[in-house]
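A quick write-up on the structure given underneath.
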Amino acid sequence: MTRVVVVTGGKGGVGKTFVAVNIADLLARERSLRVLLVDLDVSNPCTPSLLSLPVREREPVTVFRPRIDRAECAQCGECVRRCPAHALVLIPGKGLMLIGTLCEGCAMCLYVCPRGAIREGEEVVGWVSVTEEVSGLRLVYGELVPGGRQEGEVAERTLESSRRFWEGYDYVVVDTPPGTGKVILRAVSVADLVLSVTEPTRLGLHDLAKLHSLVKRLGKREVVVVNKYGIPYGDYDELEGFLKAEGLASLRIPYSEGALRSYFEGKPVRLSGEPEVLKRLRDVARAVVSGHT
């Protein structure tokens, strides 16, 4: 039976991808489990460079974009008034214009135009890539076009595209972007276990509290992973008080410049010679497996 582990955390930079990649690596390489890693951080997908798995397929993600038939357009302004994103403007002397960076692809203009002057078009806003499976590990990741605004669309398409591979894998590990928005809600809703990654800082705790309220509301099992434990001037008392008050299970990964270096070099901690960090990551992997046996 496939189990879904969502690695998330409200604040950016706390180490979600570091944890997700290393847990997937340990489950596959040390426990001989089949693992599918899904990267939904489409604005900045780091997993391809960290794992260097050969890409097997790459498909575009497209969304609706209006095509204006100027010969049919009566410049009535109905589409401008009804566009929720204010992506259409009527300019005297120039006619109807589309501001592509604002368009959300809802197609409202297509349906409200009384003359049928809006045609259905499409635009590539990103890609979903699937790698080969190597030593029990496969990666599916999304990429947003540079400067694009459709993070949600590309992330959701990535998650949906990955589902055709779920059957047959022991674990699906989902690496999310920061925040607590729609993409996080979508990912957490399919989770069997949520690893909420944070750091011992005031901002880290603030965003952990927001994330925990979402996970709790959805009734999901949660384990907090405190990364960078031991950094100077951390808010340790406040963090420990929150974990105790909420009754949250937690694990700690010490701050290590060697582990940081391995991340920059694109190597899993298993190959980096950082025994204490590796030991703590193995504890996280053990918690993942023990919670599903």
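The values are calculated or read from the model by the stated rules, or taken from the named source; none is laboratory data. Being a predicted model, the structure only gives us computed values, none of them experimental. Counting neighbours? That spans all protein chains shown, and the Cβs are built from the backbone with ideal geometry, glycine included. Quick note on the areas: whole protein, heavy atoms, side chains included, nothing else; ligands and nucleic acids left out. Shrake-Rupley method; radii C 1.70, N 1.55, O 1.52, S 1.80 Å.
The table for this structure:
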item: Residues that are buried (at least 23 other Cβ atoms within 10 Å of the Cβ) and of a type in the set (Gly, Ala, Ser), drawn from the stretch 16-43; result: Ala20, Ala24, Ala28
item: Residue ID - surrounded by the most Cβ atoms within 10 Å (Cβ to Cβ), chosen from residues in the stretch 44-78 that are of a type in the set (A, V, I, L, M, F, W, C) and in a strand (DSSP E or B); result: Val61
item: Given (1) farther than 29 Å from Pro200 by Cβ; (2) open to solvent by 40 Å² or more (accessible area, probe 1.4 Å), index of the condition Lys11 fails; result: (1)
item: Check on Ile231, part of a strand (DSSP E or B) and of a type in the set (A, V, I, L, M, F, W, C); result: no
item: Residue in the stretch 86-122 that is most open to solvent (accessible area, probe 1.4 Å), counting only those that are in a loop (DSSP other than H, G, I, E, B) and touching a Cys at 6+ places or on another chain (Cβ under 6 Å); result: Cys113
item: Scan of the stretch 230-239 for residues that are on the phi < 0 side of the Ramachandran plot and surrounded by fewer than 19 Cβ atoms within 10 Å (Cβ to Cβ), ordered by number; result: Ile231, Pro232, Asp235, Tyr236, Asp237, Glu238
item: Residues of the stretch 250-271 satisfying the condition of being assigned to a strand (DSSP E or B) and under 23 Å from the mean Cα position of the chain (by Cα); result: Ser250, Leu251, Arg252, Ile253
item: Criterion violated by Ser256 - all others in (1) modelled with pLDDT under 95; (2) more than 16 Å from Val6 (Cα to Cα); (3) out of contact with any Phe, Trp or Tyr (no Cβ under 9 Å at 6 or more places or on another chain); (4) open to solvent by 70 Å² or more (accessible area, probe 1.4 Å) satisfied; result: (4)
item: Every residue from the stretch 202-229 that is touching a Gly at 6+ places or on another chain (Cβ under 7 Å) and open to solvent by 70 Å² or more (accessible area, probe 1.4 Å); result: Lys210, Arg221
item: Neighbours by Cβ (under 7 Å, 6+ apart or cross-chain): first from the stretch 38-49, closer than 19 Å to Val188 by Cα and free of Cβ contacts under 8 Å to residues at least 12 places away in the same chain; second open to solvent by 10 Å² or more (accessible area, probe 1.4 Å) and basic (Lys, Arg); result: none
item: Checklist (1) within 24 Å of Leu193 (Cα to Cα); (2) open to solvent by 20 Å² or more (accessible area, probe 1.4 Å) applied to Val269, failing item; result: (2)
item: Residue count, the stretch 18-43 (criterion: assigned to a strand (DSSP E or B) and at pLDDT below 95); result: 0
item: Matching residues, the stretch 272-291, being outside any helix (DSSP H, G or I) and surrounded by 16 or more Cβ atoms within 10 Å (Cβ to Cβ); result: Ser272, Glu274
